[in-house]
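Enquirer: Can you keep this structure in mind? I'll have questions shortly.
The values are calculated or read from the model by the stated rules, or taken from the named source; none is laboratory data. Every value quoted in this text rests on a predicted model; they were computed, and no experiment measured them. When we count neighbours, we look across all protein chains shown, and the Cβ atoms used for this are built from the backbone with ideal geometry, even at glycine. Side chains are part of the model used for accessible areas, which takes the heavy atoms of the whole protein and leaves out ligands, DNA and RNA. Shrake-Rupley method; radii C 1.70, N 1.55, O 1.52, S 1.80 Å.
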Amino acid sequence: MFVEPTTAASLEAEAGGEEGEDSLEDQPPAEEGQRTVNRTLTALNLTGNLIHLAGRAALEAAQAASPALGRLSLASNPCMLAGPTAALSAAERSLIKSSWAALQAMDGGAAKAGEALLLGFLQAVPHAL
C-alpha cells in the first residue's frame, strides 16, 4: 500500500489555498483541533541509497547542526562497510577518537598502555587456570 506523504502544498490545496494567498509560513499558529504542519525532522531513513563516505560526512554534519534530528539511518549503504568503525555513529566514533587521544597523551603513549594491558592479562592467565 502506498501512502502519499503530506506536504505543505497538499495541505494548502486541501484547505482551499491558491497561489498568491498567504503561505503556511505566514499564517498564525493553528488553534486547538486544527491540522498543523510539523516542520521538524526527527528521523531520516536513507537505507539503501548508495551513500558513500563523503555523503555520510555531509549528512552527519547536517545532523549535528540539527539537534531535533535524533535518528539518521544509513543501513545498506556503501559508507557502512568502510572499516571496523563504519557502523558506529558519529558520536561513538568521536568517543573512540578521544579515547585514543587520551592514551597517546599518557606517559609512553598508546603503545605503552597497550603493552601494560597485555602484560597484565598474560600474568593473570596462569592464575585463572
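Enquirer: Output the residue which, of all residues in the stretch 31-61 that are over 15 Å from residue 76 (Cβ atoms) and of a type in the set (D, E, K, R), is modelled with the lowest pLDDT.
Expert: This residue is 35.
Enquirer: Which of the residues belonging to the stretch 101-110 are under 28 Å from the mean Cα position of the chain (by Cα) and surrounded by 12 or more Cβ atoms within 10 Å (Cβ to Cβ)?
Expert: 103, 104
Enquirer: Still on this structure, please answer the following. Report yes if residue 82 is in contact with a strand residue (DSSP E or B) (Cβ under 8 Å, 6 or more places away or on another chain) and touching a residue at least 24 places away in the same chain (Cβ under 8 Å), otherwise no.
Expert: The answer is no for residue 82.
Yes or no, residue by residue, for (1) of a type in the set (A, V, I, L, M, F, W, C); (2) out of contact with any helix residue (DSSP H, G or I) (no Cβ under 8 Å at 6 or more places or on another chain):
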position: 71; (1), (2): no, yes
position: 75; (1), (2): yes, yes
position: 88; (1), (2): yes, no
position: 97; (1), (2): no, yes
position: 110; (1), (2): yes, no
position: 116; (1), (2): yes, yes
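Enquirer: Follow-up. Restricting to the stretch 53-95, count the residues that are open to solvent by 50 Å² or more (accessible area, probe 1.4 Å) and of a type in the set (D, E, K, R).
Expert: 3
Enquirer: Here is a follow-up. Looking at the stretch 80-129 only, could you name the residues that are of a type in the set (Val, Ile, Thr) and farther than 30 Å from residue 46 by Cα?
Expert: Passing the criteria: only 125.
Enquirer: Right, next: Taking only pairs six or more apart or across chains, which ones have beta-carbon atoms under 6 Å, a first residue in the stretch 50-79 that is farther than 12 Å from residue 90 by Cα, and a second residue that is small (Gly, Ala, Ser) and at pLDDT 90 or above?
Expert: Taking only residues 6 or more apart or on different chains, the pairs are 76/48.
Enquirer: Within the stretch 49-100, how many residues are closer than 30 Å to residue 115 by Cα and within 9 Å of the chain's Cα centre (by Cα)?
Expert: 3
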